[in-house]
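Peer 1: Just dropping this structure here.
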Amino acid sequence: MPVFACGRDRTMIAVEQLAEVFVEIADTLVDDFDVIEFLQLVTSRSASICNASSAGLLLADAHGQLQFMAASQESVKLLELFQLQNAEGPCLDCFHTGTAVVNTDLDDAIERWPVFAPRAVSAGFRSVHAFPLRHRKDVIGALNLFGTETGQLESHDVRIIQALADVATIGLMQERVIQDQKIVTEQLQGALNSRITIEQAKGALARSHGISVDAAFELMRDYARRNHHHLSDVALAVVSDPAVHPELLSGRPTPPV
Amino acid sequence: MGDRRGGGANGRLALLGRLIDDEPAVDGSLGVTAGRLERLCTVLARVLPASGAGVSVFTEGRIEGGTAATWGPDSRAIEELQHSLGEGPCIDAFTSRRPVLEPDLLGRGIQRWPAYGPAAHAYGVGAVFALPLQVGGARLGALGIYRAEPGPLAALTFSQAITFAEIAVGLLIDGQDADGGTVSGVDDLVAYRAEVYQAQGMVMVDLGVTLSEAMARLRGFAYSDGRPLSDVAHDVLAGILQLNRDTL
């Protein structure tokens with residue numbers, strides 16, 4: 001598939017494709033869903049629906065720091081671009097203002113983001129967008145899109161991507177309990193900790209198999225999908241009870257629990 | 001919604017760490033870690049404020065635990081209630097791996113914990129908040145915060161409570177080693193660097209130890225080498241450094 005920025009060469013996102021994406025996302029919101037897998041789906045569909053080359057999602061922790069949660073593809077290079085946005089970048093701006101940052105040409109953004117913009121350019125990106133995850137008056141995170149071409153998101157596209165960001169918020173909050181601020185806090189903290197567990201498991205698998213952390217993530221995700229396990233559950237088992245998935249950690253003695 | 005930058009959280013971590021270091025010990029008979037945790041509870045109760053606080057430790061995979069340290073009137077008895085009754089906010093926070101916030105102990109709290117709720121209320125507790133003491137897959141215990149007055153924690157107060165929990169995690173991890181640093185020497189806990197977490201998983205496999213022990217080894221190595229944890233983690237990832245049983 002050709003990779004170009006949102007809106008370019010097209011007038012609007014195809015309605016059929018859009019409907020499919022929303023149905024697919026809604027289907028994942030069953031009682032026992034994995035937050036990280038859900039956010040991964042949102043990011044990969046957000047990227048494909050507007051032909052952005054990469055998308056990621058960040059959530060604010062209790063200190064108001066933006067933490068990486070999920071991306072359309074997991075690579076060290078991309079993770080650095082997300083992590084960097086604790087200090088500066090479109091997600092931080094979006095998080096502060098509560099409004100979307102769209103159609104930013106990275107070549108023209110060096111003054112605005114002196115560290116982030118050059119890094120993003122050297123990673124091969126030309127344009128960036130960020131959409132707020134809004135919960136009532138609060139902004140709880142941001143959805144980040146990168147393109148390899150400069151391009152203009154039409155207002156129509158902006159509304160659609162914002163709708164995807166809103167769906168992400170609803171999934172995070174599990175709609176039925178959205179009224180309760182303390183449960184919002186509990187859910188967010190749980191999700192943030194799940195992401196930490198995934199990083200720890202990436203390290204353990206990388207070492208067990210002598211592979212990169214990116215390859216370790218692929219291995220773990222594919223294993224979870226093949227065996228119909230939640231990614232977060234597999235990650236937790238890898239670091240706390242490796243005997244649960246012996247084939248995933250094969251070839252090395254399993255650490256004691 | 002508070003300071004957005006990392007500097008705010010790290011600044012608070014350092015400030016609260018210094019307050020804990022400067023706090024005089026109440027019970028001189030406590031061990032190093034228990035003494036630090038008790039001072040942490042004391043400072044927490046003063047700063048948030050709260051009427052009492054306690055740290056419970058649990059063994060991985062089981063809910064039977066024990067009280068490591070407390071501060072406040074009857075707080076040891078309140079904390080122990082959970083262990084004797086087998087239910088309560090700290091146990092729930094530990095098992096669910098999430099904070100458990102119950103601003104109305106006499107209302108919903110009693111439905112949630114039919115035995116613990118009335119018993120804790122009898123000691124004058126109106127609201128309880130429990131934070132898991134964990135880093136990803138490594139679980140150590142839970143921090144209980146007690147208030148006489150019912151009502152939610154404000155966002156800033158919650159954020160401060162999280163900082164206290166992060167400091168407590170560091171103390172418990174360092175307590176596994178014979179001698180960790182001072183409280184204010186706790187470094188990088190709020191850095192949330194993916195590399196630090198990945199390195200923890202790597203060291204776990206390299207040494208064939210539990211995840212929390214791997215964290216202790218990494219931190220111990222960083223202390224003794226006088227380097228930030230993120231630097232050491234970077235070297236582990238790059239293959240420059242491989243901890244082995246003889247490294248420490």
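The values are calculated or read from the model by the stated rules, or taken from the named source; none is laboratory data. As the structure is a computational prediction, the values presented were derived from the model and not from experiment. For neighbour counting, all protein chains shown are included, and Cβ atoms are generated from backbone atoms with ideal geometry for every residue, glycine included.
Residue by residue, here is whether (1) over 16 Å from A:ALA47 (Cβ atoms); (2) in contact with a Pro (Cβ under 7 Å, 6 or more places away or on another chain) holds:
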| residue | (1), (2) |
| --- | --- |
| A:ASN103 | yes, no |
| A:VAL121 | yes, no |
| A:VAL139 | yes, yes |
| A:LEU145 | no, no |
| A:GLY151 | no, no |
| A:ILE160 | no, no |
| A:ILE170 | yes, no |
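Peer 1: Please verify whether the range B:140-147 includes one or more residues that are out of contact with any Pro (no Cβ under 6 Å at 6 or more places or on another chain), crowded, with 24+ Cβ neighbours inside 10 Å, outside any strand (DSSP E or B) and in the same structural domain as B:ARG76 (by TED's automatic domain parsing).
Peer 2: No, the range B:140-147 contains no residue that is out of contact with any Pro (no Cβ under 6 Å at 6 or more places or on another chain), crowded, with 24+ Cβ neighbours inside 10 Å, outside any strand (DSSP E or B) and in the same structural domain as B:ARG76 (by TED's automatic domain parsing).
Peer 1: Separate question: Among the residues of the range B:96-116, is there at least one that is at pLDDT 90 or above, surrounded by fewer than 20 Cβ atoms within 10 Å (Cβ to Cβ), assigned by TED's automatic domain parsing to the domain that holds B:ASN10 and closer than 30 Å to B:GLU213 by Cβ? Spell out the reasoning first.
Peer 2: Restricting attention to the range B:96-116, the residues satisfying the condition of being at pLDDT 90 or above are B:96-116.
Checking the rest, the ones that are also surrounded by fewer than 20 Cβ atoms within 10 Å (Cβ to Cβ) come to B:96-97, B:103-104, B:106-108, B:110-112, B:114-115.
Remaining after also requiring assigned by TED's automatic domain parsing to the domain that holds B:ASN10: B:96-97, B:103-104, B:106-108, B:110-112, B:114-115.
Then keep just the ones that are closer than 30 Å to B:GLU213 by Cβ; that gives B:96-97.
Yes - at least one qualifying residue is present in the range B:96-116.
Peer 1: Somewhere in the range B:75-95, is a residue over 30 Å from B:MET215 (Cα atoms), surrounded by 21 or more Cβ atoms within 10 Å (Cβ to Cβ) and touching a His at 6+ places or on another chain (Cβ under 8 Å)?
Peer 2: No, every residue in the range B:75-95 fails to be over 30 Å from B:MET215 (Cα atoms), surrounded by 21 or more Cβ atoms within 10 Å (Cβ to Cβ) and touching a His at 6+ places or on another chain (Cβ under 8 Å).
Peer 1: Next question. Kindly state which helices (runs of 4 or more DSSP H) lie completely within the range A:76-141 and contain at least 2 residues that are under 30 Å from A:ILE211 (Cβ atoms). Please lay out each step first, then the result.
Peer 2: Numbers: elements: A:76-83, A:90-97, A:116-122.
Of the helices (runs of 4 or more DSSP H) lying wholly inside the range A:76-141, those with at least 2 residues that are under 30 Å from A:ILE211 (Cβ atoms) span A:76-83, A:116-122.
Peer 1: Checking B:VAL169 against (1) modelled with pLDDT of 90 or more; (2) β-branched (Val, Ile, Thr); (3) outside the structural domain of B:GLY11 (by TED's automatic domain parsing), which single condition isn't satisfied?
Peer 2: Going through the list (1) modelled with pLDDT of 90 or more; (2) β-branched (Val, Ile, Thr); (3) outside the structural domain of B:GLY11 (by TED's automatic domain parsing), B:VAL169 breaks only (3).
Peer 1: Within the range A:181-212, track down each residue that is more than 18 Å from B:ALA93 (Cα to Cα), facing chain B (nearest Cβ under 7 Å) and not basic (Lys, Arg).
Peer 2: Of the residues in the range A:181-212, the ones more than 18 Å from B:ALA93 (Cα to Cα) are A:198-212.
If we keep only those that are facing chain B (nearest Cβ under 7 Å) as well, we get A:199-204, A:206-208.
A:GLU199, A:GLN200, A:ALA201, A:GLY203, A:ALA204, A:ALA206, A:SER208 - these are the residues of the range A:181-212 that are more than 18 Å from B:ALA93 (Cα to Cα), facing chain B (nearest Cβ under 7 Å) and not basic (Lys, Arg).
Peer 1: On the given criteria, is A:ILE183 over 19 Å from A:GLN67 (Cβ atoms) and either touching a residue at least 12 places away in the same chain (Cβ under 8 Å) or charged (D, E, K, R) (or both)?
Peer 2: Numbers: over 19 Å from A:GLN67 (Cβ atoms): yes; either touching a residue at least 12 places away in the same chain (Cβ under 8 Å) or charged (D, E, K, R) (or both): no.
So A:ILE183 fails the test.
Peer 1: Here is a list of conditions, (1) at the interface with another protein chain (Cβ under 8 Å from one of its Cβ atoms); (2) over 18 Å from A:ILE196 (Cβ atoms), and B:GLY126 meets all of them except one; can you say which number that is?
Peer 2: (1)
Peer 1: Of the residues that make up the range B:18-28, is at least one assigned by TED's automatic domain parsing to the domain that holds B:ALA168, closer than 30 Å to A:VAL239 by Cα and either among the basic types (Lys, Arg) or modelled with pLDDT under 85 (or both)?
Peer 2: Among the residues of the range B:18-28, not one is assigned by TED's automatic domain parsing to the domain that holds B:ALA168, closer than 30 Å to A:VAL239 by Cα and either among the basic types (Lys, Arg) or modelled with pLDDT under 85 (or both), which makes the answer no.
Condition check ((1) within 11 Å of chain B (Cβ to nearest Cβ); (2) at pLDDT 95 or above) across all residues:
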{"residue": "A:PHE68", "(1), (2)": "yes, no"}
{"residue": "A:PHE82", "(1), (2)": "yes, no"}
{"residue": "A:PHE95", "(1), (2)": "yes, yes"}
{"residue": "A:ASP108", "(1), (2)": "no, no"}
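Peer 1: Determine if the range B:75-92 includes at least one residue that is among the basic types (Lys, Arg), within 14 Å of another protein chain (Cβ to nearest Cβ) and either farther than 18 Å from A:ASN193 by Cα or touching a residue at least 60 places away in the same chain (Cβ under 8 Å) (or both).
Peer 2: Applying the first criterion (among the basic types (Lys, Arg)) to the range B:75-92 yields B:76.
Now drop any that are not within 14 Å of another protein chain (Cβ to nearest Cβ), which leaves none.
No; the residues of the range B:75-92 include none that is among the basic types (Lys, Arg), within 14 Å of another protein chain (Cβ to nearest Cβ) and either farther than 18 Å from A:ASN193 by Cα or touching a residue at least 60 places away in the same chain (Cβ under 8 Å) (or both).
Peer 1: Only one of (1) modelled with pLDDT under 90; (2) surrounded by fewer than 19 Cβ atoms within 10 Å (Cβ to Cβ) fails for B:GLY208. Which number is that?
Peer 2: (1)
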